[in-house]
Amino acid sequence: MEVFRRKTHIDFIGWRRPAIAVSMALNVLTLIALFVSGLNFGLDFTGGTLVELAYEQPADVEQVRRTLTEGGFRDAVVQRYGTTKELMVRLPVHAEGQSAAVSARLVAALRESLGEREVESRPGQAQRCVPAGGGEPRACALQVKRIEFVGPQVGRELAEKGALALILTALGILVYVIFRFEWRFAVGAIAASAHDVLLLFGFYAVTQIEFSLTSLAAILTVLGYSLNDTIVIFDRVRENFRKMRKHAVIEIMNTSLNETLSRTIITGGTTLLTMLALYLYGGDVLSGFALAMIFGVLVGTYSSLFIATPVTLALGITREDMLPPKKEAAADAQP
Amino acid sequence: MNKYPLWKYLIVLIVVALGALYAIPNLFGEDPAIQISATRATKVDAGTLARVEQILGQAKLEFTGTVLDETGAKVRFADTETQIRARDLVQQELGDGYTVALNLLPATPGLLRAIGAEPMYLGLDLRGGVHFLMQVDSRAVLRKASESTADDLRRMFRESRIRYAAVNRLESGAVEAVFREAAERERARELVRKDLRDVEVAESERGSEYVLIARLSETALAEKRRFALEQNMTALRNRVNELGVAEPVIQQQGADRIVVQLPGVQDTAKAKEILGRTATLEIMLVDEEAMSSGASTVPPGSKLYRMRDGRPIVLKNRVIYSGDNIVDSAPGFDSQTSRPIVSITLDARGASINQRVTGENVGRRMAVVYIEIKSEPRLDEQGRPVLDEEGRPVRVSRRVEEVITAPVIRQQLGKRFQIEGLDSTQEANELSLLLRAGALAAPVEIIEERTVGPSLGQENIDQGVKATLLGFATVVIFMVIYYKVFGLIADLALLVNLVLLVAVLSMFQATLTLPGIAGILLTLGMAVDANVLINERIREELRNGNTPQASIHAGYEKAFSAILDGNVTTLIAAMMLFNFGTGPIKGFAVTLSIGILTTMFTAVMCARAMTNLTFGGRKLKTVPV
């Protein structure tokens with residue numbers, strides 16, 4: 001089977017002005033979205049307590065709220081999560097500094113309202129409780145799936161480290177591409193990746209998907225993917241610069257983009273397939289990551305085709321820039 | 001054309017075979033087991049294991065295997081019922097010196113275990129458990145250090161009869177000494193420079209007063225912080241031991257943080273209570289009269305204690321000084337007798353008391369008592385836990401007191417002294433550890449806590465495996481349809497890639513986390529890129545009218561630089577993730593990095609080997625791509 005049976009002749013470079021205009025507009029919209037609604041920072045960044053609970057019976061949210069208010073957790077936010085039996089409780093960081101012990105008190109209060117108390121559990125098994133009136137231990141009607149507490153100082157460090165990681169990654173790649181290609185290509189690659197990363201931030205701002213530690217991983221991965229995509233095209237451009245000596249630069253670039261087009265689409269496709277599987281079956285924790293990756297792969301593919309090469313072109317790349325000067329000189333010097 | 005020399009096929013074959021061998025353990029489940037580890041003064045050795053086997057044999061509790069390693073002894077069982085009965089029995093028989101924990105051990109067949117093949121280590125998000133990140137209060141370390149400096153200065157000035165007006169601790173952690181006369185300050189400065197090597201001094205004038213500012217040097221301060229962190233880790237390790245957790249992790253993170261991971265623990269309240277617990281040391285004098293008279297009654301003002309080996313010893317009730325006064329302790333050798341010793345450094349208060357008391361009691365013995373408040377379930381006569389009316393096990397606090405050593409005082413001692421009469425270097429090491437181990441050197445605060453319930457852990461594994469298999473299957477089917485035989489080759493390479501990735505993760509015992517599973521899946525999705533590049537190249541060469549063999553050759557050759565450049569850039573991103581990420585993100589970065597490397601190998605070398613074996617050296621009319 002072949003999608004592109006014949007050589008394609010799409011004028012990607014000819015579309016550069018409208019494409020860049022669209023991208024600029026999208027980036028501006030991203031900035032507006034970031035300014036207006038901002039990112040929905042998760043616990044990793046904001047700090048606070050999150051408790052994920054699974055009830056045996058469908059949970060009565062109102063009842064849970066009342067129990068928590070009576071138990072002294074006035075700021076608790078109770079949400080349904082997944083099914084009717086699952087709840088998520090969030091507590092903000094208190095000004096006086098919140099201790100991690102809060103979560104244990106919170107769970108104990110909820111268990112008490114169900115008339116059960118936790119006893120020692122065994123590894124690899126459900127938490128076990130005994131009824132208030134006494135009796136044999138059994139699996140608790142309220143199972144704690146996850147507790148997370150993050151102190152406020154941790155979040156700030158994470159944000160700083162994340163920003164540093166982004167910048168250093170970009171720098172590292174810049175150096176590598178300058179070394180292997182030429183500086184104009186490096187700038188083109190970074191421009192395309194920056195475009196993708198910004199749009200991904202926009203995606204988080206618009207969808208209000210929680211921005212957590214995993215989101216940071218998604219962003220860096222999209223950066224890597226987008227670059228990989230761009231570099232493969234650049235590799236072909238470099239090759240064609242040496243091969244197609246009589247053609248104009250624009251022509252060489254268009255040819256390179258078309259020659260690598262089927263690969264670009266197919267690799268994007270297989271990556272999308274795996275991320276789709278992760279989105280559909282990977283569970284709640286990873287679905288956000290998978291969705292961001294899907295968006296990132298689409299944007300990354302687009303930017304490799306319409307942003308990276310045109311930027312390199314706009315910087316005035318010529319064939320001479322790509323010819324290994326020393327070898328030529330050495331060849332000329334020979335009689 | 002398109003033939004590999006034999007050695008290249010052999011390399012591919014050997015790597016694939018080794019990969020398969022080391023990936024296989026992940027297919028086996030886990031056996032219920034108990035883990036016996038030592039608390040404080042005891043040690044788990046072959047003798048302990050023999051004892052455990054004997055206990056189990058007498059009770060007719062069947063076990064399926066035993067292991068002895070640095071974390072202690074482990075015994076496998078066929079089912080969880082036997083496991084729990086064995087745990088209770090062994091704990092009861094071995095007593096306080098040992099912790100017996102429920103554990104799950106990989107059910108890897110012995111043959112594979114013998115070559116070191118073990119399954120991947122599952123992170124807390126996949127197996128359930130608690131993760132704590134603790135911050136050591138370094139301001140408290142600074143405060144303690146400046147208190148000790150101030151004490152030192154006062155004592156030195158007094159001893160050398162230097163007249164000072166005041167010694168004050170400053171906000172910055174420095175200490176100022178105020179003098180009325182410049183000459184006194186000059187003497188003080190000389191003294192400090194000679195005796196306190198770690199302290200830097202500066203001078204200033206304030207009205208008619210002469211001020212000397214003493215500040216602990218940066219290196220000394222860093223040393224103190226490091227010491228506080230180490231002592232805290234030792235103390236936490238001792239406390240975690242009491243929880244009876246199998247394979248706990250206690251690690252340093254950064255300059256002043258400690259990570260504590262307790263796999264399988266669900267009762268976070270109890271875990272926090274025990275981690276926050278204090279243990280301490282007290283130094284008391286031995287009541288020699290009561291000991292030598294051999295009377296069965298203990299005189300008033302004294303109390304009967306037990307040594308570690310169970311021998312009775314009578315101590316006078318007054319506490320001379322406590323573990324808080326011990327600043328440092330280190331094992332070593334006596335320079336004259338070459339016998340093992342433990343050298344101890346006291347703070348100024350401890351030193352002056354020590355000086356006075358030891359001066360008055362030369363020839364008598366001084367005892368070091370280890371004191372800890374333990375909370376444990378109350379047991380009835382049959383050794384079963386007593387339950388309250390609500391069915392919860394009744395917990396009682398018990399003060400555990402144990403004399404760890406009682407050396408004879410040979411001369412008057414001061415700030416630094418050494419404990420002699422130890423039998424071995426081992427004992428010196430343990431005693432030194434104990435002296436430091438009891439209390440936390442500086443308060444810690446939990447700044448991050450993550451608990452994953454065991455059901456969620458299993459759910460995460462199931463979903464992760466399902467997503468991986470599904471993603472893998474769709475890519476495999478697509479590639480065969482799209483590239484025919486070359487798609488099949490790419491699929492086989494992808495399968496080898498998955499096997500190698502799992503093998504490498506297992507070999508390094510890297511921790512597999514949920515994001516790690518995402519990393520594996522992402523690797524698989526992106527790994528086919530290399531083969532897509534190659535196959536597209538082959539098609540291109542064919543279109544350009546090249547012969548089949550030349551096209552295959554050119555396909556592999558020309559695609560290589562793009563594969564290399566593309567993967568190196570992704571590798572740079574993965575390494576940055578590893579550098580800056582914490583916990584699960586690191587796991588993601590590790591799988592991604594290893595995945596890129598295995599991809600380079602499988603997509604280029606394995607696929608090429610398979611292509612060569614299938615098509616190499618033959619006359620081809622067409623290429624099935």
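The values are calculated or read from the model by the stated rules, or taken from the named source; none is laboratory data. Note that this is a predicted model, so its numbers are computed, not measured. Methodologically, a virtual Cβ is constructed for each residue, glycine included, from the backbone with ideal geometry; neighbour enumeration extends over all protein chains shown. With ligands, DNA and RNA removed, areas are computed over all heavy atoms of the protein, side chains included. Shrake-Rupley method; radii C 1.70, N 1.55, O 1.52, S 1.80 Å.
Provide the solvent-accessible area of A:Thr318, counting protein heavy atoms only and rolling a 1.4 Å probe, rounded to the nearest 10 Å².
50
Just want the answer: with Cβ charges of +1 for Lys and Arg and -1 for Asp and Glu, which residue in B:Ala86, B:Leu236, B:Asn497 is farthest toward the dipole's positive end in chain B?
Value computed over the given set: B:Asn497.
How big is the A-B contact in terms of buried accessible area, both chains counted, 1.4 Å probe, rounded to the nearest 100 Å²?
Working: alone 18460 and 32070 Å², together 43390 Å².
In total, this chain pair buries about 7100 Å².
Using alpha carbons only, how many degrees (0 to 90, rounded to 10) separate the axis of helix A:213-243 from the longest principal axis of chain A?
10
With a 4.7 Å Cβ cut-off, tell me which Cys residues in the protein assembly as shown come up empty for a partner.
For the protein assembly as shown, the answer is B:Cys606, because their Cβ atoms have no other cysteine Cβ under 4.7 Å.
Per-residue counts of other Cβ atoms within 10 Å, averaged by peptide: what ranking do you get for B:213-220, B:503-510, highest first? Write down the numbers at each step before the final one.
Details: B:213-220: 16.1, B:503-510: 19.2.
Per-residue mean Cβ counts within 10 Å order the peptides as B:503-510, B:213-220.
Might you work out the accessible area of A:Glu160 for me, using a 1.4 Å probe with all protein chains in place, and round it to the nearest 10 Å²?
Spelled out: A:Glu160, probe radius 1.4 Å, area about 100 Å².
Accessible area, 1.4 Å probe, largest first: how do A:Glu251, B:Glu282 sort?
Working: A:Glu251 95, B:Glu282 35 Å².
Per-residue accessible area, sorted high to low, gives A:Glu251, B:Glu282.
For the Cα atoms of chain A, what angle does the longest principal axis make with the long axis of helix A:284-303, in degrees from 0 to 90, nearest 10?
Tilt relative to chain A: about 20 degrees.
How would B:Tyr482, B:Tyr4 rank on accessible area, largest to smallest, probe 1.4 Å?
Largest accessible area first, the list is B:Tyr4, B:Tyr482.
Select from chain B the helices, each a whole stretch of DSSP H, whose alpha-carbon atoms run 27 Å or more along the helix axis and whose Kyte-Doolittle mean is at least 0.5; answer none if there are none. Write down the numbers at each step before the final one.
Values: long enough: B:138-159 (32 Å, -0.98); B:218-243 (38 Å, -0.77); B:454-507 (44 Å, 1.44); B:514-543 (44 Å, 0.62); B:548-580 (47 Å, 0.63).
In chain B, the long hydrophobic H runs are B:454-507, B:514-543, B:548-580.
Cα centroids of region A:70-85 and region B:465-514: how far apart, whole angstrom?
41
Compute the distance in nm between two label points, each set 7 Å from the Cα along the Cα-to-Cβ direction, one at B:Leu564 and one at B:Ile353.
My value for the distance between the label points is 7.0 nm.
Below 24 Å, Cα to Cα, which lysines can B:Lys74 reach? Residues fewer than 8 away in the same chain don't count.
B:Lys43, B:Lys60
Can you give the mean number of other chain Cβ atoms that lie within 10 Å of the Cβ atoms in peptide B:514-520?
Averaged over the peptide's residues, the number is 5.
With a 1.4 Å probe and all protein chains left in place, how much accessible area per residue does the protein assembly as shown have, in Å²?
Numbers: 43390 Å² over 960 residues.
Value returned for the protein assembly as shown: 45 Å² of accessible area per residue.
Can you pull the accessible area of B:Glu402 for me, 1.4 Å probe, Å² to the nearest 10?
Accessible surface of B:Glu402 is approximately 40 Å².
Which order do B:Asp334, B:Asp380 take when ranked by solvent-accessible area (1.4 Å probe, heavy atoms of all protein chains), largest first?
B:Asp380, B:Asp334
From the backbone phi of region B:199-205, what are the Karplus-calculated ³J(HN,Hα) couplings (6.51 cos²θ - 1.76 cosθ + 1.60, θ = phi - 60°) in whole Hz, Gly and Pro given as x?
9, 9, 10, 9, 10, 7, 10
Could you tell me which of B:Ala183, B:Ala527, B:Ala117 has its Cα farthest along the dipole of chain B towards the positive end, charges placed at Cβ (Lys, Arg +1; Asp, Glu -1), taken about the Cα centre?
Of B:Ala183, B:Ala527, B:Ala117, it is B:Ala527.
Let me have the relative contact order for region A:48-150, percent, based on Cα pairs under 8 Å that are six or more residues apart. Before the final figure, lay out the partial values.
Working: 172 pairs, mean separation 36.4, N = 103.
Rounded, it is 35 percent for region A:48-150.
Within the set of other residues whose C-beta is less than 10 Å from the C-beta of B:Pro515, count the net charge using Lys and Arg as +1 and Asp and Glu as -1.
Details: positive: B:Lys586; negative: B:Asp125.
Net of charged neighbours comes to 0.
What do you get for the angle between helix A:261-281 and the principal long axis of chain A? Use alpha-carbon atoms, 0 to 90 degrees, nearest ten.
Relative to chain A, helix A:261-281 is tipped by roughly 0 degrees.
Ignore the peptide's own chain and count Cβ atoms of other chains within 10 Å of each Cβ in A:212-221; give me the average, rounded. Each step should come with its number before you reach the end.
Working: counts 0, 7, 6, 0, 4, 13, 4, 2, 10, 11.
Mean shielding count: 6.
Summing Lys, Arg as +1 and Asp, Glu as -1, what charge do residues with Cβ under 11 Å from the Cβ of A:Val311 carry, A:Val311 excluded? Could you put the intermediate results ahead of the total?
Values: positive: A:Arg16, A:Arg184; negative: none.
That works out to +2.
Leaving out ligands, DNA and RNA, and with a 1.4 Å probe, what % of the accessible surface on region B:30-107 is carbon or sulfur? Let's see the in-between values first.
On the way: 1700 of 3630 Å².
In region B:30-107, the share of accessible area belonging to carbon and sulfur is 47 percent.
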